[in-house]
Structures are given as C-alpha cells and as structure tokens.
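Okay, structure first, notes after.
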Amino acid sequence: MFPGSFMMGAKDRLLPPSIPYRFFVAAVFFHLLAWVLLLVGNEGVLGFVGGQGMTLAALHLITLGTLAMTAMGAAIQLLPVATRRPLGPVWAIKLMFILYAPGVALFAAGLAHSFAWAQHAGATLCVVGLALFGGLVGANLRRVDDLPGVTRHAWLAVASLIGLAILGLVLVIDFTKGFLPDHTSVAAAHAVLAGYGFMGMLSAGFSFVLIPMFVLGSAVPDAVGKRTAQLSGLGLVLGAGGVLVGIGTLSALGALLGLAATIVYLRGMLASLKTRMKKRLEPFFRMVWVAWALLPVSLVAALLPALGAPLDPWAELWVFLLVFGWLLSFVTAILQRIMPFLASMHSSALGGKPALLSHLSPKLPVDIHLGCHTAALVLISVALVGGWVWPLRLGLIAGLAGAIAFGVYTVEVLRRYRSHMAAAVAAHQQG
Amino acid sequence: MNTQTGALLHQAHMTTIEALQSLDELLGANKKAPAKDDLLGRKLKQLARILKSEVESHFGFEENHLFKVFVEQGETGIVTMLTHEHRSILPLALQVADLAVAAAEAGFTDASWTEFKDAGAELVEREIFHIQKEEMGLLAAIASLVDPEMDEELANIYRAEVG
C-alpha cells in the first residue's frame with residue numbers, strides 16, 4: 001500500500017465541494033441532535049440495555065447520522081483518489097444522500113417516539129442508502145489489486161455492512177412482531193458488526209492512507225494491513241457469531257482477536273509516526289490519541305459481558321466506549337482535519353493562492369470540543385459504572401457543549417472558505 | 001519510494017522541512033526582533049540558501065523536466081496543482097530569503113522582523129502543505145509512471161542542476 005496514491009491525481013478526482021460537505025454538515029447536525037436527545041431523555045440512559053426510546057434514538061443518530069454519514073462523505077471523496085479508480089456517477093452519490101439523510105432522521109424519530117411506521121420507513125431508506133454506498137464501494141474495489149491494506153479492510157466493512165443491515169431490519173421488525181427469542185443478543189451482534197466491522201474497518205483502512213499523509217510519516221507496510229485485516233475478520237466472525245448463538249467464550253475470543261488486531265494496527269501507526277518529518281503534530285491529533293487509547297479499552301470492556309458480567313452496566317459501558325470513545329473521537333478528529341483540507345484543495349480553483357489551513361480552521365472551537373468531549377467520556381463512563389445521575393448529567397451537558405463547539409467550527413470553516421472564494425471571484429473578474 | 005529521482009527529491013524535502021521547522025521555532029521564540037549575533041546570522045544565511053535552492057533549483061527541475069514526463073502520460077491534474085502552488089510559494093520564499101540575508105548582515109529592525117515573521121509563518125504553512133502533497137503524491141507518481149531509464153536520466157539532470 002502506498003499512501004502517495006492518495007494525492008496522485010487528486011485534483012482530477014476532486015468532487016464538487018458541495019457533494020462531500022453535505023454529508024459532513026449532516027453528520028455534524030446529527031451529532032448535535034444526538035446529545036440533545038440524550039440530555040432530554042437522560043432518565044433512560046442509566047441501566048439502558050436496549051429498547052425503544054430517546055437513548056436508542058440518540059445512539060443511532062451517532063452511529064448512522066454521524067459515524068456512517070462521515071464515512072460516506074469521506075469515502076466518496078477519498079476512495080476514488082486512493083484507488084485511482086472512479087467511484088460512480090455523481091447522481092448516484094446525490095441519490096444516496098437524498099435517501100439516507102431523511103432516513104436517519106425518520107428512523108431516529110421512530111425510535112424516540114415508538115412510531116413503528118417511522119421506524120420501518122426510516123430503516124428502509126437507510127438500508128437502501130447504505131446498499132447504494134456498499135454497491136459503489138464494492139464496484140470500485142473490484143478493480144483494485146494494488147492497495148491490499150486499504151481494500152481488505154474496505155471489503156470487511158462491506159461484508160459487515162450487509163450483516164448489520166440484515167440484523168438491523170430484523171431488530172426493527174421484532175419491535176412490532178416480537179418473534180426473536182433473544183432480541184438483546186441480536187442487537188449485540190448488530191453492534192459488533194456496526195462498530196468494529198463497518199465503521200472500525202473503514203477507520204482502520206483509511207488510517208493507513210490518511211495518518212502517514214497528515215504527519216508526513218513513512219507508509220505502513222502492506223504486511224501490517226494484511227495482518228490486521230486477517231485478525232479483524234476472524235475476530236468479527238467469532239465476536240458477532242458468539243453473541244448471536246449465545247456462546248460467551250466465543251465472543252470473548254473474538255474480542256481477544258480484535259485486541260491482537262488493534263495492537264498490530266497501533267504499532268503500524270506508531271511506526272509511521274516515529275519516522276514523521278513533521279515534528280509538531282496538528283491539533284486534530286489530540287483527538288486521535290483519545291480514540292486510539294479507547295479502542296483497546298472498548299475491547300477489554302467487551303470481554304466483561306461476554307464472560308458473564310451483568311449487562312447493566314457492563315454492556316452499556318462497552319457500547320459507550322466503542323461508539324463515543326473510539327469511533328466518535330476518531331471520526332470527529334478526521335472531520336476536523338479533512339474539512340479544511342478539502343476546502344484548501346478547492347480554494348485555488350479560480351487560480352488565486354490556495355487558502356491557508358490555519359486561516360480556514362478556527363482553533364478555539366476545536367479546543368472546546370476536545371475538552372468537553374473528553375470530560376463527557378470520563379463523566380459518563382464513571383456515571384454508568386457507579387449508576388450516578390449527576391456525573392451523567394454533567395457529562396451529557398459537556399457532550400452537548402462539545403457538539404455545539406464542533407458545529408461552530410464546521411460553520412466557520414465553511415464561512416471562511418466561502419469568503420475566500422468570494423474574494424477569489426472578485427479578483428478573477430477584475431482580471 | 002524506490003526511484004533515484006524520488007530519493008533525491010525526498011532528501012531535498014527533508015532538508016527543507018528541517019529548515020522550515022527551525023524557522024518556525026525562531027518565529028515562535030521571539031515576539032520582538034531578536035538581537036543580532038553570529039549564531040543567528042549563520043542560521044539565517046543557511047535558511048536563505050536552502051529556501052533559494054528549494055524554490056529556484058528544485059521547483060525548476062520539477063517544472064522543466066519532471067512534470068513534462070507526467071504531462072506526456074496524461075497526469076495533468078497533479079502537475080497543474082503543484083505548478084500553481086509553486087507560483088504562490090516562490091515569491092514568498094524569495095522574500096523570506098532576502099530578508100534573512102539582510103538580517104544576517106545588519107540585524108532585524110522592528111519593521112523588518114514583523115515583515116519576516118508574517119512572511120515566514122505563511123511560508124512555513126504553504127511550503128509544508130506543498131511538500132506534504134509532493135511526498136504523498138509526486139514521489140508515488142514517479143514510482144509508477146517513470147521507467148528506470150527515464151529515472152536514471154532525470155536523476156542525472158537533478159544532480160547536475162540542483163546538486
């Protein structure tokens with residue numbers, strides 16, 4: 001795998017900025033909405049082990065609305081550049097968004113208020129949007145044979161997507177029909193495939209390209225990517241399979257394989273960091289450290305319910321560390337970096353000087369987001385373990401404040417980009 | 001990066017990044033104009049030499065020789081993007097180099113330090129972002145688009161023109 005392929009031909013394959021940014025803006029909006037819902041429905045958070053309501057709605061606003069939405073926006077821009085093959089027609093990407101974004105909103109509303117029709121319609125729209133995404137990614141990957149580190153993870157993500165979508169639809173139907181003998185086990189398998197499978201594999205695969213590029217580090221050897229993909233694939237099968245058939249030791253083995261994959265992945269990332277030319281790491285990297293620290297912690301937490309610890313609070317803590325700790329921290333770190341990065345790439349379209357990254361990225365909002373997000377992670381984790389209401393409420397307030405700050409950051413990046421382009425248009429017209 | 005040309009460009013990038021990081025540290029450590037001394041004078045002269053080499057010889061080699069090979073193979077996008085960036089970096093780098101040479105001789109005044117600081121900070125950011133793109137795109141492109149004979153020829157030109 002060579003990360004250099006990312007930039008090669010990048011200018012030729014940049015999508016119109018409105019295409020990836022609609023996904024990013026939607027992701028930031030749903031992030032904010034999720035914290036609002038958690039705060040409004042905070043009474044249902046402690047002891048949550050499933051069931052309809054505000055907590056499940058908020059969880060899906062993060063997973064579908066923020067994590068998957070960002071993955072879609074980033075993948076449609078990064079994958080064709082990284083693989084040097086087109087992803088698909090722009091209309092298909094627009095259609096994906098038109099189906100998916102309202103689907104997320106409808107589904108979350110359905111979960112929050114127990115409207116079966118909204119759950120069914122929203123889930124259907126989400127699955128169709130995700131299927132379109134999986135189809136576009138799969139068609140792109142079939143033509144690639146020179147990026148094993150990235151493509152193997154992306155294939156695992158696509159396979160996990162199929163599994164999570166099927167289980168997700170079954171779970172939604174079960175809310176009204178009640179035919180599943182063990183709804184919680186199916187929900188846990190769905191969470192494993194969604195968190196570690198779909199999102200985890202996309203995050204790991206793109207890390208091999210993005211992290212060395214952002215820090216000017218050495219490429220991660222293909223052997224590392226192949227090994228993490230093998231261990232992860234096996235871990236996912238055992239982890240999800242074990243939960244589904246109710247054999248805890250099998251799911252624990254899956255978590256251990258996931259830990260082994262994580263060690264190989266993090267060692268590969270740290271080796272690249274060690275050789276970096278840029279000595280000073282950029283601000284977004286602080287959130288990457290948080291994410292990388294919490295990925296193995298989430299897998300250790302997964303061992304507890306797998307080995308028979310009570311679901312309340314251990315399963316809830318595991319899901320929180322997986323979704324909010326590892327994935328949300330990583331995704332917001334990448335969003336923080338990629339939004340001004342793409343804006344800067346587009347900013348010289350009219351021939352003027354490209355906008356400086358420092359001019360496009362306000363620092364205060366991301367500092368606030370980092371502080372609030374980290375405080376929320378600590379406070380809510382403590383509250384879940386101890387069953388304490390006040391740390392939970394403080395944590396939710398911190399999370400909401402962080403989400404607002406991140407929203408301000410996003411709006412400001414776009415405002416500064418537009419202002420740069422308006423000045424460029426004026427200069428261009430003056431000749 | 002398994003081409004001679006790529007290795008030569010990478011080495012030049014390493015040198016430039018080191019100089020830029022040293023410039024960044026100098027700018028960060030001095031809110032007001034630093035006093036003139038021998039060490040500062042040597043640092044500024046070295047900075048000016050590296051910057052001029054980067055934007056005159058290195059950019060010149062890429063635009064006059066390397067990019068032509070890419071254009072012949074239809075890879076115009078990366079050439080347009082990098083050439084465009086050269087246009088915004090070159091005057092800035094020359095401005096910083098000239099200010100550095102003048103300061104090495106006579107020291108900074110408050111006005112020349114402010115000018116040096118503003119231009120230097122912008123240069124650090126633009127040049128590092130540019131090198132990031134070259135390291136991540138150009139070097140890989142050389143590896144996949146330039147055959148061994150052409151690589152040998154380009155490397156010889158680089159050694160003759162850039163050093």
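The values are calculated or read from the model by the stated rules, or taken from the named source; none is laboratory data. Note that this is a predicted model, so its numbers are computed, not measured. Backbone-built Cβ (ideal geometry, glycine too); neighbour counts: all protein chains shown.
With A:ALA82, A:ALA118 as the choices, which residue is small (Gly, Ala, Ser), surrounded by fewer than 24 Cβ atoms within 10 Å (Cβ to Cβ), assigned to a helix (DSSP H, G or I) and in contact with a helix residue (DSSP H, G or I) (Cβ under 7 Å, 6 or more places away or on another chain)? Quick ask: steps written out before the conclusion?
Details: A:ALA82 fails: surrounded by fewer than 24 Cβ atoms within 10 Å (Cβ to Cβ).
Checking each option against the conditions leaves just A:ALA118.
Identify all residues within segment A:51-73 that are part of a helix (DSSP H, G or I), in contact (Cβ under 8 Å) with a residue 60 or more places away in the chain and farther than 15 Å from A:GLY134 by Cβ; write none if there are none.
Within segment A:51-73, A:LEU59, A:ILE62, A:THR63, A:THR66, A:LEU67, A:THR70 meet the criteria.
State all residues of segment B:105-152 that are farther than 30 Å from A:VAL209 by Cα and either more than 20 Å from the chain's Cα centre (by Cα) or of a type in the set (Asp, Glu) (or both); if no residue qualifies, say none.
Across segment B:105-152, the qualifying residues are B:GLU105, B:ALA106, B:GLY107, B:PHE108, B:THR109, B:ASP110, B:ALA111, B:SER112, B:TRP113, B:THR114, B:GLU115, B:ASP118.
Report, by residue number, each residue of segment A:175-190 that is in a helix (DSSP H, G or I) and free of Cβ contacts under 8 Å to residues at least 60 places away in the same chain.
A:LYS177, A:VAL186, A:ALA189, A:HIS190
If A:MET277 passes every condition in (1) in contact (Cβ under 8 Å) with a residue 60 or more places away in the chain; (2) assigned to a helix (DSSP H, G or I); (3) of a type in the set (A, V, I, L, M) but one, which one does it miss?
(2)
With closer than 25 Å to A:SER218 by Cα and among the acidic types (Asp, Glu) as the only criterion, which of B:GLU25, B:GLU63 stands out?
B:GLU25
If you go through segment A:166-197 one residue at a time, how many are within 23 Å of A:ALA112 (Cβ to Cβ) and of a type outside the set (Val, Ile, Thr)? Spell out the reasoning first.
So in segment A:166-197, the residues within 23 Å of A:ALA112 (Cβ to Cβ) come out as A:167-178, A:180, A:183-184, A:186-188, A:190-191, A:194-195.
The next check asks that each one be of a type outside the set (Val, Ile, Thr); those that pass are A:167-169, A:171, A:174-175, A:177-178, A:180, A:183, A:187-188, A:190-191, A:194-195.
Count: 16.
Taking the options A:VAL186, A:VAL150, name whichever one is modelled with pLDDT under 95 and β-branched (Val, Ile, Thr).
Only one candidate qualifies: A:VAL150.
Identify the single condition in (1) within 12 Å of chain A (Cβ to nearest Cβ); (2) in contact with a Phe, Trp or Tyr (Cβ under 9 Å, 6 or more places away or on another chain); (3) surrounded by fewer than 20 Cβ atoms within 10 Å (Cβ to Cβ) that B:LEU27 does not satisfy, given that it satisfies every other one.
Against the list (1) within 12 Å of chain A (Cβ to nearest Cβ); (2) in contact with a Phe, Trp or Tyr (Cβ under 9 Å, 6 or more places away or on another chain); (3) surrounded by fewer than 20 Cβ atoms within 10 Å (Cβ to Cβ), B:LEU27 comes up short only on (1).
For A:VAL378, state whether it is closer than 26 Å to A:GLY200 by Cα, in contact with a helix residue (DSSP H, G or I) (Cβ under 9 Å, 6 or more places away or on another chain) and among the hydrophobic types (A, V, I, L, M, F, W, C).
Numbers: closer than 26 Å to A:GLY200 by Cα: yes; in contact with a helix residue (DSSP H, G or I) (Cβ under 9 Å, 6 or more places away or on another chain): yes; among the hydrophobic types (A, V, I, L, M, F, W, C): yes.
Yes, satisfied.
Residue by residue through segment A:388-418, note down the ones that are farther than 19 Å from A:ARG337 by Cα and of a type in the set (Gly, Ala, Ser).
Hits for segment A:388-418 are A:GLY395, A:ALA398, A:GLY399, A:ALA401.
Could you list all residues from segment A:207-237 that are buried (at least 24 other Cβ atoms within 10 Å of the Cβ) and either in a helix (DSSP H, G or I) or without any contact (Cβ under 8 Å) to a residue 12 or more places away in the chain (or both)?
A:SER207, A:PHE208, A:VAL209, A:PRO212, A:GLY225, A:THR228, A:ALA229, A:SER232, A:GLY235, A:LEU236
Taking B:SER88 as meeting all but one of (1) out of contact with any helix residue (DSSP H, G or I) (no Cβ under 9 Å at 6 or more places or on another chain); (2) within 14 Å of chain A (Cβ to nearest Cβ); (3) hydroxyl-bearing (Ser, Thr, Tyr), write down the number of the exception.
With (1) out of contact with any helix residue (DSSP H, G or I) (no Cβ under 9 Å at 6 or more places or on another chain); (2) within 14 Å of chain A (Cβ to nearest Cβ); (3) hydroxyl-bearing (Ser, Thr, Tyr) applied to B:SER88, the lone miss is (1).
Would you check which residues across segment A:33-55 are over 11 Å from A:VAL104 (Cβ atoms), buried (at least 21 other Cβ atoms within 10 Å of the Cβ) and at pLDDT 95 or above and list them? Talk me through it step by step, then tell me what you get.
Within segment A:33-55, the first condition is being over 11 Å from A:VAL104 (Cβ atoms), and the residues that meet it are A:35-55.
Imposing the further condition that a residue be buried (at least 21 other Cβ atoms within 10 Å of the Cβ) reduces the set to A:35, A:37-38, A:45, A:48, A:54-55.
Hits for segment A:33-55 are A:TRP35, A:LEU37, A:LEU38, A:MET54, A:THR55.
Please work out which residue is farthest from A:TRP35 (Cα to Cα), limiting yourself to segment A:399-431 and to residues that are surrounded by fewer than 21 Cβ atoms within 10 Å (Cβ to Cβ) and of a type in the set (Val, Ile, Thr).
Only one residue fits best here, namely A:VAL425.
For segment B:56-71, does any single residue satisfy the condition of being within 14 Å of chain A (Cβ to nearest Cβ), in contact (Cβ under 8 Å) with a residue 12 or more places away in the chain and in a loop (DSSP other than H, G, I, E, B)?
There is no residue in segment B:56-71 that is within 14 Å of chain A (Cβ to nearest Cβ), in contact (Cβ under 8 Å) with a residue 12 or more places away in the chain and in a loop (DSSP other than H, G, I, E, B).
Of the numbered conditions (1) assigned to a helix (DSSP H, G or I); (2) away from chain A (no Cβ under 14 Å); (3) in contact with a Phe, Trp or Tyr (Cβ under 8 Å, 6 or more places away or on another chain); (4) not β-branched (Val, Ile, Thr), B:LEU51 fails exactly one; give the number of that condition.
All conditions are met except number (3).
Quick check on segment B:118-138: of everything there that is touching a residue at least 60 places away in the same chain (Cβ under 8 Å) and among the aliphatic types (A, V, I, L, M), which residue is farthest from A:VAL220 (Cα to Cα)?
B:ALA121
Would you check if B:SER112 is away from every other protein chain (no Cβ under 13 Å), touching a residue at least 40 places away in the same chain (Cβ under 8 Å), crowded, with 18+ Cβ neighbours inside 10 Å and polar (S, T, N, Q)?
The answer is no for B:SER112.
What number of residues within segment A:333-378 are more than 19 Å from A:LEU210 (Cα to Cα) and away from chain B (no Cβ under 14 Å)?
Number of matching residues: 16.
Just name the residue that is surrounded by the fewest Cβ atoms within 10 Å (Cβ to Cβ) out of those in segment A:11-32 that are within 14 Å of chain B (Cβ to nearest Cβ) and part of a helix (DSSP H, G or I).
Of the residues in segment A:11-32, the ones within 14 Å of chain B (Cβ to nearest Cβ) are A:11-15.
Narrowing further to those that are part of a helix (DSSP H, G or I): A:11-13.
Values: A:LYS11: 23, A:ASP12: 16, A:ARG13: 19.
Among them, the one singled out is A:ASP12.
Does at least one position in segment B:75-83 carry a residue that is out of contact with any strand residue (DSSP E or B) (no Cβ under 7 Å at 6 or more places or on another chain), within 11 Å of another protein chain (Cβ to nearest Cβ) and acidic (Asp, Glu)?
yes
Looking for whichever is touching a residue at least 40 places away in the same chain (Cβ under 8 Å), surrounded by fewer than 21 Cβ atoms within 10 Å (Cβ to Cβ) and part of a helix (DSSP H, G or I) here; the options are B:ALA93, B:ALA104, B:ALA100. Which one fits?
So the residue among B:ALA93, B:ALA104, B:ALA100 that is touching a residue at least 40 places away in the same chain (Cβ under 8 Å), surrounded by fewer than 21 Cβ atoms within 10 Å (Cβ to Cβ) and part of a helix (DSSP H, G or I) is B:ALA104.
Being of a type in the set (A, V, I, L, M, F, W, C), away from chain A (no Cβ under 13 Å) and either part of a helix (DSSP H, G or I) or touching a residue at least 40 places away in the same chain (Cβ under 8 Å) (or both), is that true of even one residue in segment B:139-146?
The answer is no, given that none of the residues of segment B:139-146 is of a type in the set (A, V, I, L, M, F, W, C), away from chain A (no Cβ under 13 Å) and either part of a helix (DSSP H, G or I) or touching a residue at least 40 places away in the same chain (Cβ under 8 Å) (or both).
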